[in-house]
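Asks: Sharing a structure here in structure tokens format.
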Amino acid sequence: MRHLIVIPAFNEEEALPRTVERLQGLPAGYEILIVNDGSADRTRDVAAALASTSRLPLHVAHLPVNCGIGVAVQTGYRFAVADGGYQNVIQFDADGQHDADFIKSLVERCEQEQLDLCVGSRFIRDFGPGSRSTFARRIGIRFFAWLIGFMSGVRVTDPTSGFRCLGPRAWRRFADSYPEDFPEPESLFWCARNGLRVGELPVRMFERQGGVSSIRKLKAAYYMVKVSLAILFDRIRRTEVARVAPQPTV
Amino acid sequence: MINAEFLMLLGGVGAFVMTLYWVRVRELRERYAIGWLLVATLLLLTGLFPDVLKTLADRAHLSYPALVLFVALGLIYMNSFFVSVALTKHYRWNVRLTQQMALLEERLRRLEDAHGPVPIEQIETETE
């Protein structure tokens with residue numbers, strides 16, 4: 001069974017080699033796709049060099065212009081659809097925040113519980129200082145968790161986590177339509193509302209190792225408003241997928 | 001003497017000429033030209049028959065300038081809104097094309113890695 005790890009990368013020349021190195025411990029069956037999102041630095045060359053040395057099959061797709069995290073991740077889903085042979089697609093940050101040791105657990109959890117989306121959560125178990133984001137961000141994350149729970153009835157603890165594993169029902173749909181910027185809470189809400197099975201798994205996260213966060217301080221207010229509105233708008237849309245069995249408890 | 005009606009008439013003629021010119025040189029698509037021709041027609045009609053607007057203003061209990069402002073703002077709003085809709089649609093097309101290009105480039109690179117680079121002349125011969 002093959003699984004695809006999608007790494008969206010925008011100006012990540014510094015952190016990318018270490019991130020890919022951490023993934024090399026995964027067993028056969030895992031493949032990596034780096035989506036270079038129109039980076040202005042040497043990410044393109046670094047990714048090409050990594051492709052020639054990686055033990056796991058490593059593919060590189062270059063978006064000619066910077067399109068944003070949502071488009072970059074969706075390119076990964078579209079790659080998976082075009083290939084046709086993957087079971088799960090894992091979203092994994094290029095900046096070294098995510099711990100590759102938890103990828104297998106995410107995939108196993110997805111398969112054991114037949115989840116469509118399993119989110120790696122920083123807030124279920126305490127893995128020590130620095131692993132749970134800043135205080136201000138935690139407030140925003142709790143707000144989105146509350147909003148998603150209130151609007152869909154599905155309880156989650158880390159809706160903004162970009163460390164997640166998607167089953168075929170979720171990634172095939174997201175290949176067709178996926179939120180553009182700040183896509184994590186919105187896509188999670190879509191899954192929850194459309195009856196896809198959503199779960200969470202405690203994961204450890206690290207401090208950023210380089211690059212620039214896609215959410216800077218000035219963007220924070222816009223982020224809160226945009227994502228909240230997107231969730232509210234999605235709530236008034238028709239559901240697309242027939243509801244399945246009740247949600248598993250997280 | 002210049003008054004509001006005369007200016008509307010002038011604006012209507014100007015809008016007609018401008019729209020027709022841009023369509024003629026293929027810088028404006030016919031589907032967008034229809035909206036602008038309607039605006040030009042409205043301007044012309046209100047210039048030629050000022051009593052229509054005056055009657056409307058009386059019936060709506062508005063002053064003449066207030067009604068003109070209301071209609072103008074309505075037109076600007078509608079136009080801007082549909083430009084936003086068109087931009088959204090074009091953004092989606094652009095994204096799809098960009099992604100498709102990135103994926104095709106990746107696939108081509110993989111094929112070339114496996115079979116060696118294909119000379120451009122060969123591709124041209126095969127597609128002829």
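Laboratory data are not the source of any read-out in this text; all were calculated from the coordinates shown. No experiment lies behind these values; they were computed from the predicted model shown. Using ideal geometry, Cβ is built from the backbone for each residue, glycine included, and neighbour counts are taken over all protein chains shown.
Asks: Taking the convex hull of the alpha carbon atoms in the range A:94-233, what volume per residue do you get, in Å³?
Replies: Once divided by residue count, the hull of the range A:94-233 is 111 Å³.
Asks: Using the Karplus equation 6.51 cos²θ - 1.76 cosθ + 1.60 (θ = phi - 60°), what ³J(HN,Hα) coupling, rounded to whole Hz, does each residue of the range B:45-57 give in order, writing x for Gly and Pro?
Replies: Each residue of the range B:45-57 in turn: 5, 5, x, 6, 10, x, 5, 4, 5, 5, 4, 4, 4 Hz.
Asks: Report the residue, chosen from A:225, A:20, A:203, that carries the largest GNM mean-square fluctuation when chain A is represented by alpha-carbon nodes joined by springs under 10 Å.
Replies: Among A:225, A:20, A:203, the largest GNM mean-square fluctuation belongs to A:225.
Asks: Test of understanding: extend the Cα→C-beta vector of residue A:21 to 7 Å, then name every residue of the range A:63-96 with backbone N under 19 Å from that spot.
Replies: A:93-96
Asks: Okay, next question. Given the -39500 (n - 2.57) contribution per DSSP H run of 4+ residues, what per-residue ellipticity at 222 nm results for chain A, rounded to the nearest 500 deg cm²/dmol?
Replies: Roughly -12000 deg cm²/dmol at 222 nm, from the helical runs in chain A.
Asks: Taking H placed 1.01 Å from N in the peptide plane, check which residues at least 5 places from residue A:10 or on another chain put their amide H under 5 Å from its amide H.
Replies: When sequence neighbours closer than 5 places are left aside, the close amide H contacts are A:37.
Asks: Another question, if that's okay. Setting aside same-chain residues fewer than 8 positions from residue B:89, which aspartates and glutamates have a Cα under 15 Å from its Cα?
Replies: Candidates past the 8-residue exclusion: A:176, A:180.
Asks: Right, here's the next one. Residues with amide H under 5 Å of residue A:15's amide H, sequence separation 5 or more or different chain, H placed in the peptide plane at 1.01 Å from N; which?
Replies: Under 5 Å from the amide H of residue A:15 lie the amide H atoms of A:211, each far enough along the sequence or on another chain.
Asks: Just checking the output field for B:105-112: average partner chain Cβ neighbours within 10 Å of each residue's Cβ?
Replies: 4
Asks: Let me ask something else about it. Near the amide H of residue A:33, under 5 Å away, which other amide H atoms are found, from residues 5 or more places off or on another chain, if H is placed in the peptide plane?
Replies: The answer is A:5, A:6, A:7, A:59.
Asks: Please work out how much length the chain gains when fully extended from residue A:135 to residue A:229, using 0.36 nm per residue of separation minus the C-alpha to C-alpha distance, in nm with one decimal.
Replies: Result: 31.5 nm gained on full extension.
Asks: For the range A:51-127, what does the equivalent ellipsoid look like in terms of its semi-axes, each the square root of 5 times an eigenvalue of the Cα gyration tensor, given largest first in whole Å?
Replies: 23, 17, 14
Asks: Would you kindly compute the Cα radius of gyration of the protein assembly as shown and its largest Cα-Cα separation (Dmax), both in Å?
Replies: 26.9, 86
Asks: Is the range B:1-92 best put as rounded, prolate or oblate by its Cα gyration tensor, with a ≥ b ≥ c the root eigenvalues, rounded for a/c under 1.5, and otherwise prolate when a/b is larger than b/c, oblate when not?
Replies: It is oblate, given that a/c is not under 1.5 and a/b is not larger than b/c.
Asks: What is the range B:41-85 by shape, rounded, prolate or oblate, if you read a ≥ b ≥ c off the alpha carbon gyration tensor as root eigenvalues and call it rounded for a/c under 1.5, prolate for a/b larger than b/c, and oblate otherwise?
Replies: Here the range B:41-85 falls in the oblate category.
Asks: Now a separate question. Any idea what the relative contact order of chain B is, in percent, if you count C-alpha pairs under 8 Å spaced at least 6 apart?
Replies: 20 percent
Asks: Give the order of A:233, A:143, A:174 when sorted by the count of other beta carbons within 10 angstrom, beginning with the fewest.
Replies: Result, fewest neighbours first: A:233, A:143, A:174.
Asks: For the range B:64-101 and the range A:19-54, write down the distance between their C-alpha centroids in whole Å.
Replies: Here the answer is 40 Å between Cα centres.
Asks: In what order do B:56, B:111 fall by count of nearby beta-carbon atoms within 10 Å, going from fewest to most?
Replies: B:111, B:56
Asks: Measuring from the lowest to the highest alpha carbon on each principal axis, how far does the range A:18-77 reach, largest first, in angstroms?
Replies: 32, 24, 15
Asks: Order these by the 10 Å Cβ neighbour count, fewest first: A:1, B:101.
Replies: Fewest-to-most ranking of A:1, B:101: A:1, B:101.
Asks: Give me the percent relative contact order of chain A, please, defined on Cα pairs under 8 angstrom at least 6 residues apart.
Replies: Normalised by residue count, the contact order of chain A is 23 percent.
Asks: Starting from the Cα of residue B:70, step 7 Å along the direction of its Cβ; do the same at residue B:89; then give the gap between the two resulting points in nm.
Replies: 3.1 nm
Asks: Does the range A:12-157 come out rounded, prolate or oblate, given a ≥ b ≥ c as the square roots of the eigenvalues of its C-alpha gyration tensor, rounded meaning a/c under 1.5 and, failing that, prolate meaning a/b above b/c?
Replies: Prolate, because a/c is 1.5 or more and a/b exceeds b/c.
Asks: Here's something else I'd like to know. Can you give the relative contact order of the range A:92-187 as a percent, counting alpha carbon pairs under 8 Å and 6+ residues apart?
Replies: 34 percent
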